[in-house]
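Data first, discussion second: the structure below is written as structure tokens.
Read-outs: derived from the displayed coordinates by stated rules, not from any lab. Every value quoted in this text rests on a predicted model; they were computed, and no experiment measured them. Here the Cβ positions follow ideal geometry from the backbone for every residue, glycine too, while neighbour counts run over all protein chains shown.
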Amino acid sequence: MGDEVTQLDRWETELNEATPGDLRDTTTPAAMVNSLHALLLGEALSPAAQATLTQWLEDNEVGGPLLRAGIPDDWRIGDRTG
């Protein structure tokens, strides 16, 4: 997808450990937004895969109340914990 910033170095459950200054398994907000744009709105996935991913994000209710507090009621929200 062209992301030269994000580093994916370890698998679960090793990802649950974080050491200050450790650059493994990191990204930036801009890189994350670009990746989400490519996946959800761009050409990185087929339309069917985009619909599936969108539904997964919308079905996650963990962050819903927090996200809803700052956006208009008619906006769709998607969230993924972790």
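When the residues of the range 1-41 are filtered to those that are small (Gly, Ala, Ser) and within 17 Å of Gly78 (Cα to Cα), the one that is surrounded by the fewest Cβ atoms within 10 Å (Cβ to Cβ) is Ala38. Residue check: Thr26 meets all listed conditions (1) closer than 19 Å to Thr6 by Cβ; (2) assigned to a helix (DSSP H, G or I) but one, namely (2). Could you check the range 57-82 and list, in sequence order, the residues that are under 24 Å from Asp25 (Cα atoms) and surrounded by 12 or more Cβ atoms within 10 Å (Cβ to Cβ)? If the condition is that a residue be under 24 Å from Asp25 (Cα atoms) and surrounded by 12 or more Cβ atoms within 10 Å (Cβ to Cβ), then Leu57, Asn60, Gly63, Gly78, Asp79 are the ones that fit.
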